[in-house]
Every structure is written in structure tokens, then in C-alpha cells.
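Everything below concerns the one structure shown next.
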Amino acid sequence: MAFGRKMSLSRVENPCFLLFLVIFQAIFILILYRGGASSVFRGVLDVPQPLDYSKTEDVYTNLSLFIHSPDKKTMPYCTPQSPIFVGPLRVTFNVLPSERAIISKNPYVQPGGRYSPPHCLARYKTAIIIPHRNREKELRHLLYYLHPFLQRQQLQYRIYLIHQAGNGPFNQAKLLNIGVREAMKDDDWDCLLLHNVDLVPENDYNLYVCDEYYPKHMSSAIDKLQYSLPYWSFFGGVSALTPEHYMKMNGFPNTYWDRGGEHDDIAERIRLAGLKIVRTPLHLGRYRMMDRGQISAYAENVKRPAVLHTRTTWKDDGMNSLEFKVVAKKQPPLYTNITVDIGDPPMLPSLNKGE
């Protein structure tokens, strides 16, 4: 009996055993405090599930289940997770939809491309900003898929097209700055969703909402880039930033004309502003790119990051130096179109001697 008592005493006095008890007790208290084991181990247990993209759904599936509520005063808030998600979506560009067909399939979209759920109060407001020039075919394909995609997520949203006037070099980053400034005049948006006109999302679990803490890269897996990132700092395609994120990094650069390096400049601005990039997981952030005969050039252009001088320019080149003129602002049924004159690129110094 004494021998057994001595063995028990030595086990209790063992430092390793005491450390084990302390750690076990701490974990138990943490579980109780955080609301159960699932909340504590969620990050460990949330392993991406394989998705079968060979079995896709039509993007308009289940939208007819939304019934208009006649009284907004008694309308409940939308559920935290939409009840009509289906996951992988069927995306093809074989037939160009007419604008009339898109309008008829989206009866709750208001002039200017504005939408609020007809059956509940949205928990989130997102402005979709799309820079473009002479991309009407791509635009119609995108609107056909994007409107129902956003409605399935029960968002309040508005689609802005920022159209560059004239025939000068295209400046996508500057157009995005203009879109942000103009959109913020209309509403206090929770999220600024910056979207290439030629990319269509393939999974409705890819939520068009911002990360609370950091800028989010949405198009992490583009088909023409083999559904993978070309390099670790890539930030092109589709991205989501809160207004606070956007202003903290002084927006995007205004000095990149005809593409080439602006996405890498933006990624560097994020770092210099003390932020970091978060990404939609590859199995959700899948996008189809429309082929305009320039895919190979685009893929070649994004194989490697550009050489940058962002550290010396980002505080002076951006939202605080933005100059433009609004030529026209119209609100057709599916979008708000803002045509802008962004001026001409600065003249490059002549390489000829004596000039």
C-alpha cells in the first residue's frame, strides 16, 4: 500500500506530468471560452474539399425561389449564408446573349445596375468597378453571368463601368481610381470589387465581399494561366478592397499606360502600406477568361513581376494626384456607365540626338 502511494506521489511531482495538466486545462478553458471545439480547431479542420467542375450548374439556378416582399418594414435580414448556393457554375462563351435577354432574366435589377435582395435586407454592400474601352462583347458575357452570381450571394450591389474616352493608350489603374471616387459619391460601400471585363467567376462560393483586415485577391486561379498563380505577388484580374484599404495605399498608380506593371505596383503598395495580400483558395477562386486573340500575350506578360520604383512614387501617385473629367454618366438597365477623359500620357523624352 505504501509502495502504491509512493508511486502516485512521484507521478504527481513529475514536472512533465504537471506541464501536461496545465496545458490540458488551458485548452479546456479555451474551448469553453471560444464556444466549442469546432471554433477552436476550425482552421485545422477546414481542409479544402475537392470540387467536381465537370458537374456544373446554370448560373440562374434557384433565383426564382426569391419572392418579392411587399413590406420592407417587416423584411428580415438575409441569412448569413445564402440558401441557394450551388458551387461550380457552367460558363461558356459560345453564344453572345443580347442585352434584352439579360434584362429579362434579371427582373429585380434596377436602372444603373443596382440591386437589393427582394426578400430580405442585405448584410453587405459591394460596388463592382469594371474599367473598359470598346469591349462590348466581353461586357455582355460578363453581365449575363455576373448579375445572377451576385444575386445568389444576397448582396446589395451596383455595377459601374468606367469607360475611357478617345483612342489614346489605355490606363486601367487610373480608371479604377476614378471608379472608386465616383462610386463612393453614391453610397457608403462596404467593399470595392475591382473587376477585369474579360473574367467570369466559376463558383458562387467565391464571395464578392472584402476581407476585414487585408486586400483580397479573388482571381487566384485563371484558366488561361493553368488555374494557378504565375508568381507569388500577382494581384491582377479581380480584387476586393475596403475603402479604408484603398485610401491607406493611396489607391492605384495613375502612370501606367497600355498595361504593364501596374498589378505589381499595386502589390508593392499593399506591402508598403503595412498590409498584406490574402487570396481566395484556388479551388474557389477559379475564373474563365474570354479569348480575344491576345491570351498568349497576356499570359506572357504576367509570367514575372515587373521592375518597379513604387517605394519612391506611391505616396505622390494615386488618389491624391488623380485628374480626370467626366464626359457622361448614364444609367441603362444593367449598369452605371461613366465615360471619362483621362488626358494623354506624358511625352517620353526623345531618343534622337539633338532633339
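A few points about this structure:
- Accessible area of E268 in the full protein assembly, 1.4 Å probe (Å², nearest 10): 50
- Solvent-accessible surface (1.4 Å probe) assigned to M218 amounts to roughly 0 Å².
- Heavy-atom accessible area with a 1.4 Å probe sorts S321, S64, largest first, into S64, S321.
- Per residue accessible area in Å² of segment 108-178, where ligands, DNA and RNA are left out and the probe is 1.4 Å: 28
- Lysines whose Cα lies under 25 Å from that of K216, excluding same-chain neighbours fewer than 8 positions away: K125, K174, K185, K224, K248, K276, K303, K315
- Rough spin-label spacing in nm, given labels placed 7 Å along Cα→Cβ, for D187 and K73: 2.4
- Fraction of accessible area attributable to carbon and sulfur, segment 46-96 (%, probe 1.4 Å): 55
- Exposure rank, largest accessible area first [K248, K125; 1.4 Å]: K248, K125
- With every protein chain in place, segment 188-275: carbon and sulfur % of accessible area (1.4 Å): 50
- K185 contributes about 140 Å² of solvent-accessible surface, heavy atoms of the protein only, 1.4 Å probe.
- Within straight-line reach of K329, meaning a Cα separation under 13 Å, sit the following aspartates and glutamates at least 8 residues removed in sequence or on another chain: E182, D186, D341.
The values are calculated or read from the model by the stated rules, or taken from the named source; none is laboratory data. All figures in this text were calculated on a predicted structure; none of them were measured in a lab. Cβ: placed from backbone, ideal geometry, glycine included. Neighbour counts: every protein chain shown. With ligands, DNA and RNA removed, areas are computed over all heavy atoms of the protein, side chains included. Shrake-Rupley method; radii C 1.70, N 1.55, O 1.52, S 1.80 Å.
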